[in-house]
Every structure is written in structure tokens, then in C-alpha cells.
Amino acid sequence: MKINKNFVVRAIGETDGKKSYYVIAVGKAAKDFKGMVKLNETAHEVYEYVKEGLTEEEIVEKMFSIYDAERSVIEENVKTTLATLKSVNAVID
């Protein structure tokens, strides 16, 4: 699993002290995907972990060690975030 080089993430604005991140298609990907995917700070962390080369399970482990949440909730959130990113080809297997 890796980040598609034809996508970038940009921090745009801040609300209540939290940044808003957007995944944006560039280059060849912009022909197929004409839009943006908004990421909250946690989803942005998932994106960055993929960029570092972590597997889905490694991402879950890392986030479980950081956040005070049930493992099943973290697993579902990571799975959903990755599915969204894969659906627009921002993350590829």
C-alpha cells in the first residue's frame, strides 16, 4: 500500500484550533478525479502513516498506542479512511 504520486495533501484553514486537510488530485489523476477529499486530523495521520510505508495493521497498532479508544473503533476508522482514499486512487495497493 502506498500513496499515489499524483495526489497531494494540503492544509487549508483552521477551525477551533484544528487544521483541515485536503487530498487533491494532480497530474494524470486530475483527469479522472475532479475533486478533493477532506481529511480530519486523524485521517491525515493515517495518510501520513501510509506515506511512511506502514501496513493497515501497523497503522492500527500505532494509533492504538496513541489514542484512548477501543481497538475495534480504531480498526474500523482506519479501514474506512483507507477505503475512502483507495476509492479515489489516492492510496494504491
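Tell me the Rg and the Dmax, in Å, that the Cα atoms of the chain produce.
Cα only, the chain: 13.3, 40 Å (Rg, Dmax).
First select every other residue whose beta carbon is under 12 angstrom from the beta carbon of K2; then total the charges, Lys and Arg +1, Asp and Glu -1. Can you show the working numbers first?
Values: positive: K5, K51, K86; negative: E52, D93.
Net charge around K2: +1.
Under a 1.4 angstrom probe, counting protein chains only, how are D93, D68 ranked by accessible area, largest first?
Values: D93 145, D68 165 Å².
Result of the area sort, largest leading: D68, D93.
Go through the stretch 32-93 and name the trypsin sites (Lys or Arg not before Pro) that are in a DSSP coil and have 11 or fewer other Cβ atoms within 10 Å of their Cβ. Walk me through the intermediate numbers first.
Working: sites: K34, K38, K51, K62, R71, K79, K86; in loops: K34.
Counting only loop positions with at most 11 other Cβ atoms within 10 Å, the trypsin sites (Lys or Arg not before Pro) in the stretch 32-93 are K34.
Which one, G53, G35, G17, has the greatest fluctuation when you compute a Gaussian network model over the chain with C-alpha springs under 10 angstrom?
Maximum among the listed residues: G17.
Considering Cα pairs under 8 angstrom that are at least six residues apart, work out the relative contact order of the stretch 9-63 and quote it in whole percent. Provide the component values of the computation, followed by the final result.
Values: 49 pairs, mean separation 13.5, N = 55.
Once divided by the residue count of the stretch 9-63, the mean separation gives 25 percent.
Out of the GluC sites (Glu not before Pro) in the chain, which ones are loop residues according to DSSP with at most 12 other C-beta atoms within 10 Å? Intermediate results must be reported in sequence, preceding the final value.
Details: sites: E14, E41, E45, E48, E52, E56, E57, E58, E61, E70, E75, E76; in loops: E52, E70.
Those that pass, being in a loop and sparsely packed, are E52, E70.
Give me the one-decimal nm value for the distance between modelled label points at N89 and K19, 7 Å along each residue's Cα-to-Cβ direction.
2.7 nm
Which one of I24, I74, I66 has the biggest mean-square fluctuation once the chain is modelled by GNM with Cα springs under 10 Å?
Result: I66 has the largest fluctuation of those listed.
The values are calculated or read from the model by the stated rules, or taken from the named source; none is laboratory data. Just so you know, these numbers come straight off a predicted model, no measurement behind them. Cβ sites come from the backbone with ideal geometry, for glycine too, and all protein chains shown count toward neighbours. Just the protein is used for accessible areas: all its heavy atoms, side chains included, with ligands, DNA and RNA removed. Shrake-Rupley method; radii C 1.70, N 1.55, O 1.52, S 1.80 Å.
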